[in-house]
1. Kindly evaluate GLU66 against the criterion of being under 14 Å from the mean Cα position of the chain (by Cα), modelled with pLDDT of 95 or more and within 17 Å of PRO129 (Cα to Cα).
2. Which one of the conditions (1) more than 14 Å from the chain's Cα centre (by Cα); (2) modelled with pLDDT of 95 or more does LEU128 fail to meet, given that it meets all the rest?
3. Restricting attention to the stretch 123-143, which residues are open to solvent by less than 60 Å² (accessible area, probe 1.4 Å) and either in contact with a Cys (Cβ under 7 Å, 6 or more places away or on another chain) or assigned to a helix (DSSP H, G or I) (or both)?
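The values are calculated or read from the model by the stated rules, or taken from the named source; none is laboratory data. The structure displayed is predicted, hence computed values, not measured ones. No Cβ is skipped: glycine too gets one built from the backbone with ideal geometry, and neighbour counts run over all protein chains shown. When the accessible area is computed, the model is the full protein with side chains, heavy atoms only, and any ligands, DNA or RNA have been set aside. Shrake-Rupley method; radii C 1.70, N 1.55, O 1.52, S 1.80 Å.
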Amino acid sequence: MNPSCELCNQDGGDVIYRGEKLRIVLVADANYPGFCRVIWNSHAKEMTDLPPPDRSLLMMTVCKVEQAIREVMQPDKINLASLGNVVPHMHWHVIPRYVDDAHFPSPVWAEVQRTPTPEGVATRKAALPLLREAILRQLDQMI
């Protein structure tokens, strides 16, 4: 663990699943209900810092989270990102995207394009309990 690393010292979101090697969290982002992170528990900066079986586990988990988000949230697109420029700890963003979201078609970190409708955001927030269940179900199928 790295004592100065945010993801070594904090969960990084609302924990849906915590395993020995990784965790899945919901990110508190008002514009993006269903935005998840898959975070490697031990401190590693890059995918190649992990042995091949761990890389496979991490990517299989990212795909399972993506699959659950697609099933429940019905996004127009999924964005997957592993940047690590601000927090150099191995984690993947799994973000449901909609043509009416605040940034579409740009990345969620770009300049805001529009204000999402409160009804659209509320509908997506209402699906979060089902998303939690779907993620756990996907992980059960993986194990």
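1. Numbers: under 14 Å from the mean Cα position of the chain (by Cα): yes; modelled with pLDDT of 95 or more: yes; within 17 Å of PRO129 (Cα to Cα): yes.
Here the answer is yes, as GLU66 does meet what is asked.
2. All conditions are met except number (1).
3. Going residue by residue through the stretch 123-143, those that are open to solvent by less than 60 Å² (accessible area, probe 1.4 Å) are 124, 127-128, 131, 134-135, 138-139, 142.
Within the stretch 123-143, ARG124, LEU128, LEU131, ALA134, ILE135, GLN138, LEU139, MET142 qualify.
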